[in-house]
Amino acid sequence: MLKYGILGLLNYQDMTGYEVMEVFRDSLRFFWSAQTSQIYRDLQGMEKKGWVSKTVVPQQGKPDKNIYAITEKGKEELLSWLEDEKPGFTTKVPVLMKVFFMGERSREESIAYFKKLKEEGERALKELEIVPQYIKAYAQYVDQSEKTAYWEMTVDYGRRRMQMQVDWAQNCIERLEEIQ
């Protein structure tokens with residue numbers, strides 16, 4: 001899945017691996033995690049598949065700069081992935097697997113778990129507050145402002161999902177506190 005995120009970013013403009021990582025950090029990391037090493041590894045793999053091309057720019061006194069560009073074959077792969085009719089939602093939710101068996105722990109430990117889950121959701125909501133500024137900053141790189149509407153929809157989903165997590169965790173805390 002990471003490779004499609006990288007292809008999507010390169011579809012907007014050519015970038016170095018470092019720039020891909022920066023843009024990823026400002027956008028995709030809110031719903032997809034990736035290490036810098038994974039991004040570079042995927043760039044190399046996509047270059048071997050012919051999905052991206054690399055231009056080496058020599059630099060004085062520092063390592064050469066590698067600039068990646070999406071190829072026609074890469075654009076075809078990106079569009080093929082986008083045309084896949086499956087919605088992409090998964091039924092695998094690790095937190096629910098854990099909660100299902102949470103009865104094996106003490107009520108106090110479970111309450112502490114849900115408090116932590118709630119705090120993580122609140123922290124994520126706080127982090128999402130900066131995203132509209134990122135969208136505005138990166139909007140200059142796309143030729144059609146309509147594309148930013150999709151970015152905003154993604155943020156809206158993330159915000160709603162995190163708010164649901166906060167509300168659900170609070171509900172779980174209250175239910176456990178009511179148990180005698």
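Derivation of every value follows stated rules applied to the coordinates shown; laboratory data play no part. Bear in mind that the values here come from a model prediction, so they are computed numbers and not experimental data. A quick note on method: Cβ atoms are made from the backbone with ideal geometry, for glycine too, and the neighbour counts reach across all protein chains shown.
Let me check against my output: what whole-number percent is the relative contact order of the chain, with C-alpha pairs under 8 Å and at least 6 apart?
Details: 144 pairs, mean separation 40.1, N = 180.
Rounded, it is 22 percent for the chain.
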Expressed as an acute angle from 0 to 90° and rounded to the nearest 10, what is the orientation of the C-alpha long axis of helix 17-26 relative to the principal long axis of the chain?
30
Using only the Cα atoms of the chain, each taken as one equal point scatterer with no solvent, compute I(q) by the Debye sum, divide by I(0), and report log10 of the ratio at q = 0.10, 0.17, 0.20 Å⁻¹.
-0.55, -1.13, -1.37
Mind listing P(r) for the stretch 1-103? All alpha-carbon pairs, 10 Å bins, whole percents.
14, 39, 28, 12, 6, 1, 0
When E76, E85, E178, E122 are ranked with the fewest other C-beta atoms within 10 Å first, the list becomes E85, E178, E76, E122
Hey, fewest Cβ within 10 Å first, where do M102, M21, M164 land in order?
M164, M102, M21
Scoring the stretch 2-83 by relative contact order with C-alpha pairs under 8 Å, at least six apart, yields a percentage of 38
What do you get for the angle between helix 36-49 and the principal long axis of the chain? Use alpha-carbon atoms, 0 to 90 degrees, nearest ten.
50
Let me have the relative contact order for the stretch 95-170, percent, based on Cα pairs under 8 Å that are six or more residues apart.
48
Expressed as a fraction of 2.2 N^0.38 Å, the rule-of-thumb size for a compact globular protein of N residues, what is the C-alpha radius of gyration of the stretch 104-180?
1.54
